[in-house]
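Here's the structure we're looking at; comments come further down.
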Amino acid sequence: MKISLTARSVILTLFFFLWGSLSPQATAAQSSQTVLTPAEHFGFKPGADRMLFTYEELISYLQKLDAASPRLKMIEIGKSQLGKPMYIAFITSEENINRLERLKEVNRTLALDPSLTESGRAALLDDGKVFVLAALSMHADEVGPAQAAPLIAHELVTTQDPQITKWLDDTVYMMIPTHNPDGMDMVVEHYRKYKGTKYEGSAMPGVYHKYIGHDNNRDYVTLSQEDTRAIARIYNLEWFPQVLVDKHQMWTTGPRYFVPPVHDPISENVDAGIWNWTKVFGSHMITDMTEAGLAGVCHSYIFDDYWPGSTQTCIWKNVIGMLTELASVKDATPVFVEPNELAVYGKGLSEYKMSINMPSPWPGGWWRLADMVEYEIASTMSMLKTASLYRRQILEFQNDLCRREVKRGTTLPPFYYVLPQAQRDQGELVGLVNLLREHGVRVYRLSKAAALEGKNFQAGDFVVPLAQPFRPFIKEVMEKQEYPVRRYTPGGEVIKPYDITTWSLPLHRGVKSHEINTRSDDFESLLLEVNQDFTLKKDIPAGFWAAILSVNNNESFKAAFQALKLGLKVERLDKQENLAGESIPKGSFLFRHDPRLKPILEALTVGPVILTEPSDLKSTPLRLPRIALVETYFHDMDAGWTRFVLDSYSIPFTVLRPGDFEKTDLAKSFDTVIFPDAEKSILMEGKYKVRDEYQVADYPPEYTKGIGKTGMEKLMAFLDSGGTIISWGGSTPLFIGKLEIARGKEDKEEFQLPVQDISESLQKSGLYCPSALMKTLLLEDHPLTLGLPREIGVVFNGNPVFTTSVPIFDMDRRVIGKFPEKNILMSGYCEKQETLADKTNLVWLKKGKGQVVLFAFSPIFRASIQAAYKLLFNALLLQKIG
């Protein structure tokens with residue numbers, strides 16, 4: 001039966017009545033003057049058409065509830081990337097609020113202690129509560145969950161209904177009011193700016209975050225962002241909740257709401273019980289919501305939990321982690337959806353009709369923020385009801401899983417991962433050890449040399465045993481990925497992944513790791529736990545002649561750029577040297593003594609080689625390049641990641657928008673222009689292009705100006721004057737094909753760089769590569785490959801792929817990187833990888849005095865491919881020609 005929106009609202013009201021939210025007791029409590037209603041605080045009821053509140057306004061309201069109600073307690077958990085305070089709002093019974101620290105300890109013990117006595121465990125199960133962590137509106141333009149937060153909080157702190165108060169006795173609701181405070185304010189400010197104009201509800205230009213926008217949901221392995229780290233600490237190190245739900249939105253014209261379970265593929269490292277519990281919660285949600293008249297709720301659709309990186313990375317740490325997705329409006333502006341516009345795509349739903357995965361389709365019509373808020377309230381109440389109903393079983397499951405994973409670590413290989421202290425990039429070893437500890441993984445060192453499986457390990461080498469509660473996470477991020485191929489029918493189409501297929505931390509960081517499949521008590525007796533952040537710092541003496549930093553370490557480039565910014569002299573060694581008993585590779589950095597250098601050197605995790613006496617070293621001085629980074633307004637996440645990496649390594653740059661080109665004298669202002677991964681049509685015309693057809697973007701027109709003909713002339717003049725262009729991924733077509741340099745009205749030179757993209761033909765031959773780690777062979781002893789080994793892994797998504805040709809006139813080229821002939825796939829999934837054999841993926845080109853470096857891959861992919869960073873850093877330090 002199809003239910004109109006009006007009828008649905010009536011049924012939803014009845015639903016809450018049955019839950020007791022409109023009982024006489026609740027009504028009396030809600031009328032209390034001591035607890036402000038959301039409408040009284042904000043001046044409108046959250047969910048009202050065309051009305052949004054900011055992060056600060058939301059936090060202010062929750063703080064007032066904290067002051068007025070004994071059921072809510074606000075605790076600060078960290079800062080956003082722009083420095084805004086982040087909070088958890090704990091909502092539970094007054095008794096539980098008063099016992100939060102005790103309940104926190106119960107959680108920790110159940111999560112981490114596999115050796116509890118039965119009586120001790122029973123006492124904890126009697127005492128414990130189910131902690132339900134809800135991360136709202138991670139993606140800041142997905143406003144519904146955060147806008148529903150005040151209504152949910154007010155309802156829970158004021159109701160006197162015995163059923164709901166029972167839920168609060170049994171559970172602790174941990175509300176993160178928004179995962180992304182910075183982005184929330186950006187989106188609200190943009191909406192308010194254009195409200196009442198024809199651009200009301202338009203897309204916010206730029207990324208809704210300091211750096212990475214939508215990709216904050218891809219950072220839960222790398223933990224590069226402050227907001228990500230603050231939330232990950234909740235389940236990694238501090239509160240150990242049993243349940244987590246990540247609240248998102250999806251497109252407007254599909255199902256109204258997605259609940260668990262997800263679709264295949266799923267991670268094979270995660271215990272079956274996790275998946276089964278997500279079904280329990282999802283089954284209750286779809287039942288409760290459908291019974292309340294909320295149509296269009298679906299499950300087992302399009303989303304998967306194969307890859308870690310989202311907030312649901314918690315499932316690899318024994319948390320029942322789930323995702324919900326809510327159909328969107330235009331921020332707060334209602335949308336009318338015609339029935340013929342309703343559609344589904346991808347796995348799980350083949351057509352928009354009644355099915356087992358969507359038993360009550362939404363018929364179409366008006367869709368409002370108020371509707372979204374209703375769905376959010378209903379799903380939240382259902383989760384709390386379910387957590388209460390299964391309180392003891394869920395707590396038992398948490399400790400059962402701890403026991404099972406520790407036992408698996410003693411009975412199923414692999415048993416250890418060993419990271420030798422001797423690494424090519426010592427700084428990345430330091431970073432990996434500390435990252436694992438931040439994930440709640442216990443890391444150890446060998447107290448003396450030992451041998452296992454024919455491998456000799458040294459005292460000080462690092463060991464990560466798998467007999468730990470977080471065994472699934474350890475195995476997931478330390479092994480190479482092998483995609484679990486599943487098909488819709490026997491021998492039929494492969495079910496494709498939702499996102500990337502590689503995330504192996506040792507491979508991505510270029511850190512050597514040994515997987516050990518033999519268990520040894522003698523080996524384990526030599527292990528000493530690392531109980532503090534690891535470092536290879538050295539004391540810096542007061543006086544010295546020079547300090548040398550190895551080019552093999554990524555962080556050496558950071559020190560070089562910091563020194564250059566201070567005006568200090570920095571040089572690179574012209575050849576390999578043996579200094580102070582160490583072999584120093586060509587390209588390493590030489591710093592003459594200067595008092596300003598000391599804090600730079602002291603901040604390093606790997607100490608320098610100190611020379612106390614002058615030495616006759618052949619070196620070339622560096623100059624600080626003037627760098628432009630091109631970033632479109634089209635939610636340019638790769639450019640945002642690039643900004644983050646440059647900032648992290650103290651590399652100064654200026655953001656250049658495509659529309660800035662025509663009014664900028666690039667040759668006078670910059671030495672290097674970086675083009676991250678962005679479509680050529682967006683860069684040139686400010687439009688999307690799909691199957692050779694342009695589509696107008698939904699950004700206000702002032703943000704859709706492309707480089708254009710005049711801007712491209714400026715860029716070619718920059719190249720002609722000796723500038724360097726660095727480009728990767730989707731931006732590389734800008735520099736493939738016919739180009740033109742105009743040196744005046746009559747002096748125009750057409751040319752074509754000696755490179756072509758052949759990826760389209762390879763895809764026709766069956767190449768499919770969903771962001772896998774692919775082996776790359778590098779040209780040795782080239783300025784672009786200094787500090788790098790012969791072989792590295794790069795994250796490649798299938799295009800572009802280059803081929804070069806013999807150049808003419810004043811052009812030249814060198815193949816810097818290529819795929820090997822065979823065994824190309826290092827981690828992840830790739831169909832027809834053999835089509836890539838011996839194909840070029842990194843090329844250096846020269847046109848006159850200008851240089852162009854083209855990457856078929858991102859050298860900084862989501863700040864997670866540290867093994868390739870030096871390719872970008874070296875490109876930035878290329879010496880000018882002539």
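The values are calculated or read from the model by the stated rules, or taken from the named source; none is laboratory data. Fair warning: this is a prediction, and the values are worked out from it, not measured in the lab. Note: ideal-geometry Cβ built from the backbone for every residue, glycine included; neighbour counts use all protein chains shown. With ligands, DNA and RNA removed, areas are computed over all heavy atoms of the protein, side chains included. Shrake-Rupley method; radii C 1.70, N 1.55, O 1.52, S 1.80 Å.
Some points to look at:
- Residues that are surrounded by fewer than 16 Cβ atoms within 10 Å (Cβ to Cβ) and in contact with a Pro (Cβ under 9 Å, 6 or more places away or on another chain) within the range 58-75 are absent altogether.
- The set of residues in the range 85-103 that are open to solvent by less than 50 Å² (accessible area, probe 1.4 Å) and more than 19 Å from Leu151 (Cα to Cα) comprises Pro85, Met86, Asn96, Ile97, Leu100, Leu103.
- The C-beta contact set for the range 787-811 (first residue closer than 27 Å to Leu719 by Cβ and in contact (Cβ under 8 Å) with a residue 40 or more places away in the chain, second residue among the polar types (S, T, N, Q) and not in a loop (DSSP other than H, G, I, E, B), distance under 6 angstrom, 6+ apart or interchain) comprises Val794/Thr776; Asn799/Ser759; Pro800/Thr732; Pro800/Ser759; Val801/Ser759; Phe802/Thr840; Thr803/Gln756.
- Pair list, Cβ < 6 Å and 6+ apart or interchain, from the range 155-171 residues that are within 14 Å of Met383 (Cβ to Cβ) to residues that are assigned to a helix (DSSP H, G or I) and open to solvent by less than 20 Å² (accessible area, probe 1.4 Å): Trp167/Leu384; Trp167/Ser388; Asp170/Ser388; Thr171/Leu384; Thr171/Ala387; Thr171/Ser388
- Scanning the range 737-761 for residues that are hydrophobic (A, V, I, L, M, F, W, C), open to solvent by 20 Å² or more (accessible area, probe 1.4 Å) and in contact (Cβ under 8 Å) with a residue 40 or more places away in the chain yields a single hit, Ile758.
- Answer residue from the range 54-74, given it is of a type outside the set (A, V, I, L, M, F, W, C) and part of a helix (DSSP H, G or I) and is nearest to Pro145 (Cα to Cα) among those: Tyr55
- Leading residue by the ranking (nearest to Arg626 (Cα to Cα)) among those in the range 543-574 that are open to solvent by 10 Å² or more (accessible area, probe 1.4 Å) and touching a His at 6+ places or on another chain (Cβ under 8 Å): Trp545
- Residues being open to solvent by less than 10 Å² (accessible area, probe 1.4 Å), assigned to a loop (DSSP other than H, G, I, E, B) and closer than 14 Å to His284 by Cα - total across the range 243-261: 1
- Yes/no for Asp677 being under 18 Å from the mean Cα position of the chain (by Cα) and in a loop (DSSP other than H, G, I, E, B): yes
- Filter result for Leu112 (under 21 Å from Asn318 (Cα atoms) and touching a helix residue (DSSP H, G or I) at 6+ places or on another chain (Cβ under 6 Å)): no
- For the range 647-669, a residue qualifies if it is in contact with a helix residue (DSSP H, G or I) (Cβ under 9 Å, 6 or more places away or on another chain) and closer than 18 Å to Asp215 by Cβ, and the qualifying residues are Ser648, Val655.
- Given (1) within 30 Å of Leu223 (Cβ to Cβ); (2) open to solvent by less than 20 Å² (accessible area, probe 1.4 Å), index of the condition Gly706 fails: (1)
- Matching residues in the range 747-767 - criterion: being modelled with pLDDT of 95 or more, assigned to a loop (DSSP other than H, G, I, E, B) and on the phi < 0 side of the Ramachandran plot: Leu753, Pro754, Ile758, Ser765, Leu767
- Selection status of Glu577, within 25 Å of Tyr869 (Cβ to Cβ) and crowded, with 17+ Cβ neighbours inside 10 Å: yes
- Scoring Ile11 on the criteria (1) modelled with pLDDT of 50 or more; (2) out of contact with any strand residue (DSSP E or B) (no Cβ under 8 Å at 6 or more places or on another chain); (3) open to solvent by 30 Å² or more (accessible area, probe 1.4 Å); (4) of a type in the set (Val, Ile, Thr) leaves a single failure, condition (1).
- Selection count where residues are in contact with a helix residue (DSSP H, G or I) (Cβ under 9 Å, 6 or more places away or on another chain) and either over 26 Å from Glu524 (Cβ atoms) or in a helix (DSSP H, G or I) (or both), scope the range 394-414: 14
- Residue that is farthest from Gly708 (Cα to Cα) [pool: residues in the range 618-664 that are part of a helix (DSSP H, G or I), open to solvent by less than 20 Å² (accessible area, probe 1.4 Å) and of a type in the set (Gly, Ala, Ser)]: Gly640
- Single match in Glu325, Glu351 (criterion: at pLDDT 95 or above, among the acidic types (Asp, Glu) and buried (at least 22 other Cβ atoms within 10 Å of the Cβ)): Glu325
- The sole residue among Ser93, Ser80 that is farther than 19 Å from Leu58 by Cα and either among the small types (Gly, Ala, Ser) or modelled with pLDDT of 95 or more (or both) is Ser93.
- Single residue of Ser283, Ser350, Ser355, Ser310 found to be touching a residue at least 40 places away in the same chain (Cβ under 8 Å) and of a type in the set (S, T, N, Q): Ser310
- Members of the range 362-384 found to be within 22 Å of Met322 (Cα to Cα) and not hydroxyl-bearing (Ser, Thr, Tyr), listed by number: Asp371, Met372, Val373, Glu374, Glu376, Ile377, Ala378, Met381, Met383, Leu384
- Members of the range 262-280 that are under 22 Å from the mean Cα position of the chain (by Cα) and in a loop (DSSP other than H, G, I, E, B): Val262, Ser267, Glu268, Asn269, Val270
- Considering residues of the range 431-458 that are outside any loop (DSSP other than H, G, I, E, B) and farther than 23 Å from Lys317 by Cβ only, the residue most open to solvent (accessible area, probe 1.4 Å): Asn456
- Within the range 782-803, the set of residues being assigned to a strand (DSSP E or B) and open to solvent by 40 Å² or more (accessible area, probe 1.4 Å) comprises Glu791, Thr803.
- In the range 471-511, the residues that are in a loop (DSSP other than H, G, I, E, B), crowded, with 23+ Cβ neighbours inside 10 Å and of a type in the set (Phe, Trp, Tyr): Trp503
Residue-by-condition table, conditions (1) open to solvent by 10 Å² or more (accessible area, probe 1.4 Å); (2) at pLDDT below 95; (3) not in a helix (DSSP H, G or I):
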residue: Leu773; (1), (2), (3): no, no, yes
residue: Glu780; (1), (2), (3): yes, no, yes
residue: Pro807; (1), (2), (3): yes, no, yes
residue: Lys846; (1), (2), (3): yes, no, yes
residue: Phe857; (1), (2), (3): no, no, yes
residue: Arg862; (1), (2), (3): yes, no, no
residue: Leu878; (1), (2), (3): yes, no, yes
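- Taking the range 812-840 as the range and being touching a residue at least 60 places away in the same chain (Cβ under 8 Å), in a strand (DSSP E or B) and either closer than 30 Å to Ser267 by Cα or among the aliphatic types (A, V, I, L, M) (or both) as the test, the residues that pass are Met826, Ser827, Gly828, Glu831.
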